[in-house]
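A.B. asks: Input: one structure, supplied below.
The values are calculated or read from the model by the stated rules, or taken from the named source; none is laboratory data. In this text the structure is predicted, and so the values were computed from the model without any measurement. Please note: Cβ atoms are built from the backbone with ideal geometry, for glycine as well, and neighbour counts cover all protein chains shown. Note: areas computed on protein heavy atoms with side chains; ligands, DNA, RNA excluded. Shrake-Rupley method; radii C 1.70, N 1.55, O 1.52, S 1.80 Å.
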Amino acid sequence: MNKNPLKKQQTKEKIFQAFFREYKQKPLRKITVSAITDNACINRCTFYEYFSDVYDLLDQAQETLIHEILACLYQIKEQDNPYKLELFSAFGQNILYKYGEQMAVLLSHGDTGFQKKLLNSMQPFLLEMLGIDDNDTKTNLIISYALFGITGYITTLYSFDPSIINQEAVQTLQKLMIASLSQLSDACLPL
């Protein structure tokens with residue numbers, strides 16, 4: 001029996017959420033399929049319909065999160081606004097509230113692969129959005145610095161106490177983003 005696409009997506013999301021609850025508490029090597037299926041209230045067969053093992057689940061969780069973040073960025077790009085950086089600041093708020101905890105969990109376990117995938121997927125978008133030449137070393141360093149700063153800020157913020165995520169935390173992230181990216185002389189940045 002084939003499940004409808006919405007039901008399949010809901011089941012996959014349920015598994016992702018169960019995985020994040022487990023990964024938040026313990027290292028990947030200690031997470032079992034049984035723990036995830038128990039946490040998601042599904043059977044093992046259902047898990048294996050979607051994932052071959054916990055490592056496959058991690059890869060798909062990372063790819064899904066990056067895809068969702070990029071979808072938010074492309075919404076910014078499509079808006080007709082000459083000051084894209086202001087929209088990018090709003091993006092920071094959205095990311096912090098919607099994806100911050102998942103990002104922090106993935107980044108806090110020392111998986112530099114996820115950070116590299118995330119930064120490599122966001123950097124070309126930023127360069128294009130801001131109309132900046134990607135062949136310039138200084139530009140690439142500033143963009144990398146800004147993106148590493150964002151991921152570091154989110155990871156540190158969530159490591160202290162996720163309940164402190166409020167408007168002040170969002171404004172601080174936005175200021176850090178703007179301060180970093182304002183070093184780009186070629187971009188049309190609101191100061």
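A.B. asks: Output the residue which, of all residues in the stretch 153-170 that are under 23 Å from S108 (Cβ atoms) and without any contact (Cβ under 8 Å) to a residue 40 or more places away in the chain, is most open to solvent (accessible area, probe 1.4 Å). Spell out the reasoning first.
C.D. replies: Narrowing the stretch 153-170 to residues under 23 Å from S108 (Cβ atoms): 153-166, 168-170.
Now restrict to residues that are without any contact (Cβ under 8 Å) to a residue 40 or more places away in the chain: 153, 156, 160-161, 163-164, 166, 168.
Details: Y153: 46, T156: 66, F160: 157, D161: 63, S163: 90, I164: 72, N166: 67, E168: 128 Å².
Filtering first and then ranking leaves F160.
A.B. asks: When the stretch 7-29 is examined, which residues are found to be surrounded by fewer than 14 Cβ atoms within 10 Å (Cβ to Cβ) and either closer than 11 Å to L58 by Cα or more than 23 Å from the chain's Cα centre (by Cα) (or both)? Write out each step before concluding.
C.D. replies: First, pick out the residues of the stretch 7-29 that are surrounded by fewer than 14 Cβ atoms within 10 Å (Cβ to Cβ): 7-10, 13, 25-27, 29.
The one that is surrounded by fewer than 14 Cβ atoms within 10 Å (Cβ to Cβ) and either closer than 11 Å to L58 by Cα or more than 23 Å from the chain's Cα centre (by Cα) (or both): K7.
A.B. asks: Any residue at all in the stretch 35-58 that is touching a residue at least 24 places away in the same chain (Cβ under 8 Å) and polar (S, T, N, Q)?
C.D. replies: Looking through the stretch 35-58, at least one residue is touching a residue at least 24 places away in the same chain (Cβ under 8 Å) and polar (S, T, N, Q).
A.B. asks: Give me a count of the residues in the stretch 30-45 that are open to solvent by 20 Å² or more (accessible area, probe 1.4 Å), farther than 25 Å from S159 by Cβ and part of a helix (DSSP H, G or I).
C.D. replies: 4
A.B. asks: Something else now. Of L118, L130, L126, which residue is of a type outside the set (G, A, S), in contact with a Cys (Cβ under 9 Å, 6 or more places away or on another chain) and buried (at least 17 other Cβ atoms within 10 Å of the Cβ)? Break it down into steps so the answer makes sense when it comes.
C.D. replies: Numbers: L118 fails: in contact with a Cys (Cβ under 9 Å, 6 or more places away or on another chain); L126 fails: in contact with a Cys (Cβ under 9 Å, 6 or more places away or on another chain).
Going through L118, L130, L126 in turn, just one is of a type outside the set (G, A, S), in contact with a Cys (Cβ under 9 Å, 6 or more places away or on another chain) and buried (at least 17 other Cβ atoms within 10 Å of the Cβ): L130.
A.B. asks: Might you check whether a residue that is surrounded by 20 or more Cβ atoms within 10 Å (Cβ to Cβ), modelled with pLDDT under 75, within 17 Å of M122 (Cα to Cα) and in contact with a Pro (Cβ under 7 Å, 6 or more places away or on another chain) occurs anywhere in the stretch 85-92?
C.D. replies: Checked the stretch 85-92: at least one residue is surrounded by 20 or more Cβ atoms within 10 Å (Cβ to Cβ), modelled with pLDDT under 75, within 17 Å of M122 (Cα to Cα) and in contact with a Pro (Cβ under 7 Å, 6 or more places away or on another chain).
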